[in-house]
1. Can you name every residue in region A:239-288 that is crowded, with 22+ Cβ neighbours inside 10 Å, over 20 Å from the mean Cα position of the chain (by Cα) and within 12 Å of chain B (Cβ to nearest Cβ)?
2. Anything in region B:34-67 that is more than 10 Å from chain A (Cβ to nearest Cβ) and at pLDDT below 90? List them, or say none.
3. Among the strands (runs of 3 or more DSSP E) lying completely within region A:289-403, list those that include at least 1 residues that are within 12 Å of chain B (Cβ to nearest Cβ), buried (at least 19 other Cβ atoms within 10 Å of the Cβ) and among the basic types (Lys, Arg).
4. Working only within region A:315-342, note down all residues that are at pLDDT 95 or above and of a type in the set (Gly, Ala, Ser).
Amino acid sequence: MTAGRYRVVIIGAGIMGLSTAWHLAKRGITDVLVVDRGYLCGGASGRNGGGVRAQFSSESNIRLMRESIEICRTFAAEMKINVWFRQGGYLFLTRTKQRARMLEASAKLQRDCGLETRLLAPREVRDIVPEIDPTGVELASFNPGDGVVFPWPFVWGYAKAAKDLGVEIATFTEVEGFDTNNGRITGVRLVRTRHDAIVAEDRDERTTAAGPGPRVDASRARVIPEGERFVVECDTVLCCAGAWSPSIARMVGIELPNKPHRHEICSTEPLKPWLGPLVADLTDGLYFSQSMRGEIVGGIAVEPVPHGINQRSSAQFLATYARSLVRTVPSMSRVKVLRQWAGCYDLTPDGNPIVGHVDGCENLVMACGFMGHGFMMAPVMGRLLAEHVATDETSELFARWNLRRFREGKLLSESMIIG
Amino acid sequence: MSAKVLLCRCEDVTLAEVEHAIESGQRDIESLKRFTGFGTGWCQGKQCLISCARVLAARVGEFPLAPVTPRPPVHPMPLGMLASLGDAVSVDRLESVGAAGGDHGEGEGER
C-alpha cells in the first residue's frame, strides 16, 4: 500500500469501522482507507460474547438495536458468510428490589417500542431455562427476539464486502500522529507494525516440504518492512478505535472522558444444545449463552481492573465467574472451561457513546464509547455514520451523543449494561 | 490429498483449509487461527500449532516470530472446582497466581 489521498480515513478495522466503510462504499464513496494497528478481530470486535439484544433502558438504544437485529437476520444471505445468528432471546435476572423496579420500567418502555419483552416471576424463569436455580431471583425479563452471533465472521463479512466495493484495509498499520492546518487534519501519519509478505501471483505447483499444492514462492513475495512510515491525506478522519480512541484523540489535543475497562470472558467444552437464551444477571454482571458450536461462552464483572489498555487474563475472573454460574445453573459444576481471554470495553461517564464531530478539529468524527455494546450497535451505526460523513448532516441522535454534552452538563443515562 | 490431511484434530481443520485461508489473505498466525479455528478446541493448540505455523511459514516465507497467545487454563478445568477457589484468588494474590502459572495470557496491549 502506498501513500495517497482518500476521501475518508477510518481508524480501527473493528466492526464499527468496517460496517461504516461498507456503507460509505454502498453510497458511492469508495476512496476509503481503513487502518488498524493489529489484525482483524484482534480488538474488542473479536473478543466479545456476540450478544445482540434490544432490551435496553433508553428508547434510542431500543430502537437502534431493533434495526441491528433485523440486519443480523439478513446478514448471512446478503454478505454470503455464515455468522451463526441464533435468536434464542435474552433472559435478564435481577436479585434486588431496586434492580427489579428498573427492570419493570425498562420492560414497559420496550413494549411501548414494539418489543415482545415480558416480565417473569422467579418460578417462571424455569419455563424458559429449566436448569436455572431461581433462588434469590427477584424478577426476570425475556425478549424472544434477542440473540447471539459468532463475532469473527461478522467482521470478515463486512471487511470482504467493503473490499469488493473498493475500500482499502491496511492491518498492522498504526496511527502515529496527524498533520493539521487551521484546526483541520490534512494528513494521517502511519507506521507499519509488522513485516508483511504480500502474496505474489506466481505460484509453484510442485509438492513442497510443507505438503502438496500451490504455494507462493517466498523469494518473489513483496515485503513491506516493519517500521516503514508514510502519510496519507484525507478529507475526513473517522475514529472507530474503541478503547484506543482517547489516545487517538489526544494526538490532536482533544481529551476524551472515555476509559478502557478490561472485561474477561471464557468458553467451555462443547455441550449438546440445551440453553436457548443468553442469560444475564444485572446484579453481578454474569452472562452466559451457548454458541452454535455448543460451548457455553460467558463473563462477569470483576473489580477492580488494571488501569489502561490491558488484555491479560486473571484467575480471579475464572473463580468469580464459576461461582456465580454454578449458583445460577448448578449442573454446570462438572463442565470444564477450555479457554479464557480478555478485551476492553470503552466506557464513558454517562453510559452513552461519543459520536459525531468534535469541537476543536473540524474534520474529525468520533464513534466511540459504546460501553461494551459496540459490536451489536455497529450494523445500524455503520449506516448512520456513513450518512453523517457523506451528507454532513447531524441527526438529533448524534447531537445528543456529541462530546460537548460533557462540557454542557447534559448527561444521558442507560442502566442495562452488563459487566 | 490435502483435503484429507488433518492439522487440527480437535476442530477438524484440514491442510487444505489452512492453505485456503492463507491464499485468502490470512498471513499471520493469529489471523490464521481465527479464520480456521485451529487451536481453539480441547487441546488448545498443543498438537496443531506447530504444524499450522510450519505451513504458514512455507507459504509466506517467514516463520511466525511468536506462537498464538496461550489461553489459560493450561488444562481444561471444571467450573465446580474453579467456583470452590473462593478467596484463594483474591485481588491481592492475583499477581502471584498469575506468576505461578506462567504469564497469564497477554502482554499489555498486545494480541
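1. A:Thr268
2. Of everything in region B:34-67, those that are more than 10 Å from chain A (Cβ to nearest Cβ) and at pLDDT below 90 turn out to be B:Phe63, B:Pro64, B:Ala66, B:Pro67.
3. Because the criterion is at least 1 residues that are within 12 Å of chain B (Cβ to nearest Cβ), buried (at least 19 other Cβ atoms within 10 Å of the Cβ) and among the basic types (Lys, Arg), the strands (runs of 3 or more DSSP E) in region A:289-403 that meet it are A:336-347.
4. A:Ala319, A:Ala322, A:Ser324, A:Ser331, A:Ser333, A:Ala342
The values are calculated or read from the model by the stated rules, or taken from the named source; none is laboratory data. Predicted model, so just to flag it, every value in this text is computed and none were measured. As a convention, Cβ positions derive from the backbone with ideal geometry for all residues, glycine included, and neighbour counts pool all protein chains shown.
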